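S.K.: Take this structure first; my questions come after.
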Amino acid sequence: MPAEPGPAGGEPARAPLGHVLLLGGTTEARRLAQALAGRDAYRVTTSLAGRVAAPVLPPGEVRVGGFGGPAGLAEWIAAHGVTHLVDATHPFAERMSFNAAAAAQSSGVPLLALRRPGWTPEPGDDWTFTDSLAEAAAALPSLGRRAFLTTGRTGLHAFAGLTDTWFLVRSVDPPAGAVPPRLEVLLARGPFGLDAERELLARHRIDVLVTKDSGGSATAPKLTAAREAGLPVLVVRRPPVPAGVAETGSPEAVLRWLGTGEGRDGSA
């Protein structure tokens with residue numbers, strides 16, 4: 001592709017190496033979008049699911065909403081000349097990750113998953129793992145009566161039948177649908193500091209923490225605060241991920257992957 005004319009008296013502008021579709025919504029996705037915007041090597045479009053009313057928008061082009069399944073995503077890829085697909089969605093955005101894998105396979109576009117590492121218990125932690133929110137709700141009454149629930153607003157229906165448990169629910173947007181009868185909602189967006197988490201647990205007399213294994217540093221201080229307070233923690237394991245998809249845990253590795261111009265056989 002020939003270089004485009006540059007400003008008068010300057011060097012010709014370099015044509016983009018391609019078009020990156022970044023399936024975002026995470027801190028890592030914003031970091032990657034910021035890094036790519038500063039390099040001007042690729043055209044970048046970040047796609048957000050639209051589940052948060054006022055998301056923090058990354059630099060560059062942004063689209064909001066679903067694609068209509070893997071076929072719709074493949075059509076969008078073809079229509080907009082996408083050359084590289086990066087799945088940087090939340091670790092619990094299971095459907096979108098499988099849609100991305102299917103669309104990449106059908107369209108022939110290389111895919112790399114940017115997945116933050118999960119949390120691991122440290123000495124002094126009292127963690128109980130479950131495979132679903134429903135399992136967490138079933139186990140909760142045996143662990144405590146005042147729960148700090150940080151699993152997001154969309155899954156509160158799983159705890160709606162627990163009438164004897166008091167909940168402190170923290171989410172970016174207000175909950176919708178069925179919720180537990182005894183709850184207080186705290187609208188807040190991370191990152192959260194350790195001192196603030198300590199104070200929150202003490203002020204609300206929390207005796208059990210419920211969380212998803214989201215990973216990352218933005219909300220990890222609650223785990224440290226729970227460990228210091230000797231509180232049990234219910235941890236919902238991550239859902240399965242598509243098989244055969246190359247993945248990395250760092251935006252820097254994605255930059256290296258893009259910098260080589262790799263095709264489907266490239267690895268991070």
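The values are calculated or read from the model by the stated rules, or taken from the named source; none is laboratory data. Owing to the predicted nature of the structure, the values given are computational and were not obtained by experimental measurement. Neighbour counts are summed over all protein chains in view; Cβ atoms, including those assigned to glycine, are modelled from backbone coordinates with ideal geometry.
S.K.: Using the structure shown, decide if Ala100 is buried (at least 16 other Cβ atoms within 10 Å of the Cβ) and either in the same structural domain as Ala158 (by TED's automatic domain parsing) or touching a residue at least 40 places away in the same chain (Cβ under 8 Å) (or both).
M.R.: On the way: buried (at least 16 other Cβ atoms within 10 Å of the Cβ): yes; either in the same structural domain as Ala158 (by TED's automatic domain parsing) or touching a residue at least 40 places away in the same chain (Cβ under 8 Å) (or both): yes.
Considered against the rule, which asks whether it is buried (at least 16 other Cβ atoms within 10 Å of the Cβ) and either in the same structural domain as Ala158 (by TED's automatic domain parsing) or touching a residue at least 40 places away in the same chain (Cβ under 8 Å) (or both), Ala100 comes out as yes.
S.K.: Which of the residues that make up the stretch 41-66 are closer than 24 Å to Gly249 by Cβ and surrounded by fewer than 13 Cβ atoms within 10 Å (Cβ to Cβ)?
M.R.: Val56 - this is the single residue of the stretch 41-66 that is closer than 24 Å to Gly249 by Cβ and surrounded by fewer than 13 Cβ atoms within 10 Å (Cβ to Cβ).
S.K.: Could you figure out which of (1) at pLDDT below 90; (2) in the same structural domain as Ala41 (by TED's automatic domain parsing) isn't true of Gly190?
M.R.: (2)
S.K.: Here is a further query. Filter the stretch 156-177 for residues that are in contact (Cβ under 8 Å) with a residue 24 or more places away in the chain and exposed (fewer than 14 other Cβ atoms within 10 Å of the Cβ) and give the result. Let's see the steps before the verdict.
M.R.: Taking the stretch 156-177 first, the residues in contact (Cβ under 8 Å) with a residue 24 or more places away in the chain are 156, 158-159, 161-162, 165, 168, 172-173.
Gly161, the sole residue that qualifies.
S.K.: Right, here's the next one. Filter the stretch 50-89 for residues that are within 21 Å of Gly38 (Cβ to Cβ) and polar (S, T, N, Q) and give the result.
M.R.: Scanning the stretch 50-89 gives a single hit, Thr83.
S.K.: Counting only residues that are more than 16 Å from Glu122 (Cβ to Cβ), under 19 Å from the mean Cα position of the chain (by Cα) and touching a residue at least 40 places away in the same chain (Cβ under 8 Å), give me the strands (runs of 3 or more DSSP E) lying completely in the stretch 178-263 with at least 1 of them.
M.R.: Working: elements: 183-187, 208-212, 232-236.
Result: 208-212, 232-236.
S.K.: Counting only residues that are small (Gly, Ala, Ser), modelled with pLDDT of 80 or more and more than 18 Å from Val82 (Cα to Cα), which one in the stretch 5-40 is surrounded by the fewest Cβ atoms within 10 Å (Cβ to Cβ)?
M.R.: So the first thing to find is which residues in the stretch 5-40 are small (Gly, Ala, Ser), and the list is 6, 8-10, 13, 15, 18, 24-25, 29, 33, 35, 37-38.
From what's left, modelled with pLDDT of 80 or more: 18, 24-25, 29, 33, 35, 37.
Still in the list and also more than 18 Å from Val82 (Cα to Cα): 25, 35.
On the way: Gly25: 23, Ala35: 16.
Once the filter is applied, the top-ranked residue is Ala35.
S.K.: Hey, another quick one. For the stretch 41-78, name all the residues that are within 16 Å of Ser97 (Cα to Cα) and among the aliphatic types (A, V, I, L, M).
M.R.: Leu48, Ala49, Ala71, Leu73, Ala74, Ile77
S.K.: If the requirement is being touching a Gly at 6+ places or on another chain (Cβ under 6 Å) and either modelled with pLDDT of 95 or more or at negative phi (or both), which of these qualifies: Thr224, Thr219?
M.R.: Values: Thr224 fails: touching a Gly at 6+ places or on another chain (Cβ under 6 Å).
Result: Thr219 is the single residue among Thr224, Thr219 that is touching a Gly at 6+ places or on another chain (Cβ under 6 Å) and either modelled with pLDDT of 95 or more or at negative phi (or both).
S.K.: Same structure, new question: For the list (1) outside the structural domain of Leu156 (by TED's automatic domain parsing); (2) exposed (fewer than 14 other Cβ atoms within 10 Å of the Cβ), I need the number of the one condition that Ser217 fails.
M.R.: The failed condition is (1).
S.K.: Any idea which residue in the stretch 41-55 is nearest to Ser171 (Cα to Cα), counting only those that are among the β-branched types (Val, Ile, Thr) and at pLDDT 75 or above? Even if it seems obvious, please write down each step before you answer.
M.R.: Within the stretch 41-55, the first condition is being among the β-branched types (Val, Ile, Thr), and the residues that meet it are 44-46, 52.
With the extra rule that they be at pLDDT 75 or above, the set shrinks to 44-46.
Details: Val44: 29, Thr45: 26, Thr46: 23 Å.
Checked the stretch 41-55; the qualifying residue nearest to Ser171 (Cα to Cα) is Thr46.
S.K.: Consider Val233 against the criteria (1) modelled with pLDDT of 90 or more; (2) under 29 Å from Ala102 (Cα atoms); (3) β-branched (Val, Ile, Thr): it satisfies all of them except one. Which criterion is unmet?
M.R.: The one condition Val233 does not meet is (2).
S.K.: A further question follows. Which ones in the stretch 220-247 are closer than 27 Å to Gly193 by Cα, surrounded by fewer than 20 Cβ atoms within 10 Å (Cβ to Cβ) and touching a strand residue (DSSP E or B) at 6+ places or on another chain (Cβ under 7 Å)?
M.R.: Hits for the stretch 220-247 are Pro232, Arg237.
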